[in-house]
1. Relative to 2.2 N^0.38 Å, what does the C-alpha radius of gyration of segment 1-137 come to as a ratio? Two decimals please.
2. So if I take the alpha carbon set of segment 1-289, get Rg, then get Rh from the Kirkwood formula, what is the Rg over Rh ratio?
3. Based on alpha-carbon positions alone, could you give the equivalent ellipsoid semi-axes of segment 1-43 from the gyration tensor, as √(5λ), descending, whole Å?
4. May I ask for the angle, rounded to the nearest 10°, between helix 192-217 and the longest principal axis of the chain, with both axes built from Cα atoms and the value confined to 0 to 90°?
5. Based on a Kirkwood Rh over C-alpha pairs, give the Stokes-Einstein translational diffusion coefficient of segment 152-192 at 25 °C and viscosity 0.890 mPa s in µm²/s.
6. Within a Cβ distance under 14 Å of residue 147, other residues only, what is the Lys/Arg minus Asp/Glu net charge?
7. Using a 10 Å cut-off on Cβ atoms, rank the peptides 211-224, 87-100 from the highest mean neighbour count down.
8. For the cross-link pairs 157/184; 29/142; 167/249, which exceed 24 Å when the distance is taken from alpha carbon to alpha carbon?
Amino acid sequence: MFKEEVAARYKQIQDEICRGLEIADGKGKFEEELWERSGGGGGRTRIMQNGAIIEKGGVNFSAVHGKLPEAVKKAFNVTEDDFFATGVSIVIHPNHPLVPIIHMNIRYFELNEETRWFGGGIDLTPHYVFENDARFFHHKLKQACDDFGAEFYPKFKTHADDYFFIKHREETRGIGGIFYDRLKPENTNLSWEQILDFSINIGETFLPIYTELIDRNRDKEFTEAQKEWQYQRRSRYVEFNLVYDSGTKFGLETNGRIESILMSLPPQANWGYNVQPEVDSDEYKTLQLLKKGINWV
C-alpha cells in the first residue's frame, strides 16, 4: 500500500540523516527511544545532546493512525474519523552561535483515497545572518524544487516567509526556506509517486546543506557577547514554536507524545528585557535581514 511505502522511505531518510549528522558532529551519538501511541501507531525519537557542535538535536520518525479529534476535523474541514499520518521532523540547535539552527519536516497525511496530501519544508534560523550562507542555502533548495516544477521554489519560498513569521515581533524566525502543504496531483501536475519522490528529494537535501554550513562556521572564534545573542535569538524560536507552529498544535491536540512534540525547543534560551543591539553592529544587521521577501537567489 502507498502509505506503507511512504513510511518505509521516511524511515530510511531518518537513518541516513542520523548517520550523517553523527559523522558531521564527530562526537555526539543519537539515542533512540521507540514509542507507541495509545490511539494507534508509534515512532522512533532520536535525540543527540552535548555533541561537539550539536548541543541538542532531534530526528524523529512517526507513523500514527486512529480517530481524528473533533478540533482537528474542524481545522482540516473534514468529516471522516480515521486518519493516518507519517513524517520525519528535525530540529538541530548547535552550541556555536555562528552555526545556524535548522528545521526540516516532511510528512504525509491520509483520511481516505480522496482526502490525502503531502506537506513539509526546510528553513534556517541563523543567530547571525551570513549572506553567503543564506544564498547557498536558498540555491540548494531551489535546485531541489526545480527538479519537479519551475514554480515550486518561488511559491514555497513565499509560503515559508509568510508561515515562519513571528507576528508579535514583526520579524521572520530566520531566513526562511521552503514550506508547502496539501500537495496532491490536482495542484502539482505530478502523480502521487512523483510527489513522494519530491518529498524524499527534500529529505535528501537536508544533510549536504547542513554539513556544509557546520563546516563553514564551526572553527570560527566567538565571544561571550555572541553567545548571549545566541540565547536571545533562541527565545524567538521558542516563541514561534509555542504560539504559531501548526505541527506543535496538531501534536498537542491529538494527544501526541509530549517529549517528541517539544523536542524542537532549545536546551537554553534567554529573554532579556527590551534588548536593542547597537546600530550597525552584527546583531543589528542580522535583525535587518529578518524580513519577508528577500531574494537570496
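No value in this document is a laboratory result; all are computed from the given coordinates. Note that the structure is predicted; figures quoted are calculated from it, not measured. Don't worry about glycine lacking a Cβ; one is built from the backbone with ideal geometry, like all the others, and counts go over all protein chains shown.
1. Ratio of Rg to 2.2 N^0.38 Å for segment 1-137: 1.20.
2. Ratio of gyration radius to Kirkwood radius for segment 1-289: 0.95.
3. Output for segment 1-43: semi-axes of 25, 15, 4 Å.
4. Relative to the chain, helix 192-217 is tipped by roughly 20 degrees.
5. This corresponds to a translational diffusion coefficient of 218 µm²/s.
6. Here the count lands on -2.
7. 87-100, 211-224
8. 29/142, as the Cα separations exceed 24 Å there.
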